[in-house]
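Here the structure is laid out as structure tokens; the discussion comes afterwards.
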Amino acid sequence: MMTDFFTRSLIVHEQLRGKIGMHSRMPVKTADDLSIAYTPGVARPCEVIAKDPARAWDLTIKNNSVAIVSDGSAVLGLGNIGAHAAIPVMEGKALLFREFAGIDAWPICVDTQDTQEIIDTVRRIAPVFGGINLEDIAAPKCFEVENQLQDLGIPVFHDDQHGTAIVLLAALINAAKVIDRKLTDMRVVINGAGAAGTAIARLLRCVGHDPNVCQPVLDVIVCDSRGAIHQDREGLSPEKTELLAYTNRENRQGNLADVMVDADVFIGVSKGNLLKPSHIQSMSAKPIILAMANPIPEIMPADAIAAGAAIVGTGRSDFPNQVNNVLAFPGIFRGALDSRSKRISEEMKIAAAHALAACVHEPTAEMILPNPLDQTVAPSVAAAIHSLATQTDAP
């Protein structure tokens with residue numbers, strides 16, 4: 001079936017030659033139309049904006065436009081395939097922005113993988129956009145790119161980090177309800193120390209969040225290809241060293257199998273077929289498995305359930321409990337654009353996760369997240385973002 005989807009997708013792309021396109025919002029049928037849309041009439045809105053650049057929000061596409069910026073260095077499970085090969089994914093993302101949130105999004109695939117050049121490029125194109133969605137940019141470069149652009153005056157949001165973390169948190173909130181457990185009692189193992197794994201660890205441990213708003217899990221252990229990231233390990237990058245400020249409180253060491261013992265939750269943002277049934281059997285009672293590697297998860301759902309998993313989620317649409325960013329980013333940007341928010345705050349991320357979790361009124365083991373095609377999700381998330389932005393900006 002997967003091969004069939006691949007083949008069918010290629011055929012559709014060959015037929016369409018692009019999944020999105022621009023459409024005109026005003027007719028140009030007469031000389032008057034032309035004079036209003038272009039010269040001489042267009043000079044007046046230009047003059048208004050020149051005097052007050054903020055008026056671009058009222059007079060141009062800025063109010064409803066998002067740039068999807070990628071260098072193609074970490075695309076899906078394909079790796080560093082470059083700017084040209086990243087275009088179909090960014091087109092697809094633009095399509096989802098339009099379908100689920102009515103936002104005009106534009107694929108901007110930059111032909112550089114130099115961190116400063118990406119930052120400079122985004123700064124130069126920013127005036128026309130109301131938000132920037134960074135996408136499929138490899139770690140650790142993605143961290144610096146996002147951090148350096150927070151002063152643009154519009155939201156700059158790396159979806160691979162924060163969108164993934166928000167949807168994951170929503171899934172865990174509802175999974176905890178199903179098995180009658182508290183998040184604050186849970187021990188979590190994350191396999192994958194890249195952009196998504198780091199953001200998930202930060203959100204689950206409430207780093208940078210108000211403790212009155214965010215309830216941290218008991219502990220998180222992050223593993224990479226060498227095993228657990230712990231205090232005594234040599235050769236850690238600065239990014240992995242920083243993880244130790246809020247993870248692995250007991251300084252547990254060893255490989256994935258070692259740290260899975262007595263864990264309550266496994267989160268996979270790594271590679272397929274890494275998790276074994278024996279790993280799940282060593283976990284605590286009613287373990288939660290969220291294996292999100294694509295297209296092959298760390299363990300197939302049937303194998304995880306047979307090994308004793310109480311709840312299983314993946315990144316795929318052909319299994320229950322799809323942990324997919326489309327549940328978060330359309331609503332987040334819709335709320336940010338409508339409120340003219342200057343950034344996506346930590347509080348907004350928590351609000352988005354809780355709003356998403358609340359979209360499932362009665363969670364079950366087979367449904368801890370809403371269907372990605374549910375058209376009510378984006379408005380619910382947008383309302384939470386808008387409300388919080390309005391409160392934050394209030395005098």
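Structure remark: mean-square fluctuation, Gaussian network model of the chain, C-alpha springs under 10 Å; the largest value among E250, E346, E234 belongs to E234.
Hand me the trypsin sites (Lys or Arg not before Pro) from region 220-288 located in a DSSP loop with no more than 12 other Cβ atoms within 10 Å, in residue order please.
R226
On a per residue basis, region 308-367 carries 37 Å² of accessible surface, using protein heavy atoms and a 1.4 Å probe. Specify whether the C-alpha gyration tensor of region 153-300 places it in the rounded, prolate or oblate class, a ≥ b ≥ c being the square roots of the eigenvalues: rounded for a/c under 1.5, otherwise prolate if a/b is larger than b/c and oblate if not. Note, shape of region 153-300 comes out rounded. Comparing I200, I385, I49 in a Gaussian network model of the chain where C-alpha atoms under 10 Å apart are linked, the largest mean-square fluctuation is found at I49.
Once you sort the root eigenvalues of the Cα gyration tensor of region 1-156 as a ≥ b ≥ c, which label holds: rounded (a/c under 1.5), prolate (a/b larger than b/c) or oblate (the other case)? The shape class here is oblate.
Each Lys or Arg adds one and each Asp or Glu subtracts one; over the other residues with Cβ under 12 Å from the Cβ of F129, this totals +2. If I build a Gaussian network model for the chain, linking alpha-carbon pairs within less than 10 angstrom, which residue out of V220, V178, V12 has the largest mean-square fluctuation? Sorting by GNM fluctuation, first place goes to V12. Ordering G77, I49, I137 by the projection of their Cα atoms onto the charge dipole of region 37-174, which places +1 on the Cβ of Lys and Arg and -1 on the Cβ of Asp and Glu, puts I49 at the extreme positive end. Magnitude of the charge dipole for region 220-273, about its Cα centre and with charges confined to Cβ atoms of Lys, Arg (+1) and Asp, Glu (-1), is about 140 debye.
Place a +1 charge on the Cβ of each Lys and Arg in region 97-244 and a -1 charge on the Cβ of each Asp and Glu, then give the dipole magnitude about the Cα centre in debye, rounded to the nearest 20.
580 debye
Restriction of the trypsin sites (Lys or Arg not before Pro) in region 16-48 to DSSP coil positions whose beta-carbon has at most 12 other beta-carbons within 10 angstrom yields R17, R25, K29.
The structure-derived value of Rg and Dmax of the Cα atoms in Å appears in the list [x] 22.9, 71; [y] 20.7, 69; [z] 22.0, 75 under the label [z].
Among the cysteines of the chain, those with no neighbouring cysteine Cβ under 4.7 Å are C46, C109, C142, C223, C359. Per residue of the chain, the DSSP helices (runs of n ≥ 4 H) give a summed -39500 (n - 2.57) that works out to -12500 deg cm²/dmol at 222 nm.
How large, in percent, is the carbon and sulfur part of the accessible surface of the chain at a probe radius of 1.4 Å? Of the solvent-accessible surface of the chain, carbon and sulfur hold 54 percent.
For region 34-103, with every protein chain kept in place, what is the accessible area per residue (1.4 Å probe, Å²)? Here the residues of region 34-103 average 51 Å² of exposed surface. Separation of region 34-48 from region 119-161 is 31 Å, based on Cα centroids. Listed here are the pairs K271/K349; K29/K51; K62/K93; K62/K141; which of them are more than 21 Å apart at the Cα? Exceeds cut-off: K271/K349; K29/K51; K62/K141.
For the chain, the dipole from Cβ point charges (+1 on Lys and Arg, -1 on Asp and Glu) about the Cα centre works out to 400 debye, to the nearest 20.
Simple spin-label estimate for K29 and S284 gives 6.7 nm between the two label positions (7 Å along the Cα-to-Cβ direction from each Cα). Does region 122-190 classify as rounded, prolate or oblate by the C-alpha gyration tensor (a ≥ b ≥ c root eigenvalues; a/c under 1.5 gives rounded; else a/b over b/c gives prolate, otherwise oblate)? It comes out prolate by the Cα gyration axes.
The values are calculated or read from the model by the stated rules, or taken from the named source; none is laboratory data. All values reported here derive from a predicted model rather than from experimental measurement. Note that we place each Cβ from the backbone using ideal geometry, even for glycine, and neighbour counts take in every protein chain shown. For accessibility, only protein heavy atoms count, side chains too; no ligands or nucleic acids. Shrake-Rupley method; radii C 1.70, N 1.55, O 1.52, S 1.80 Å.
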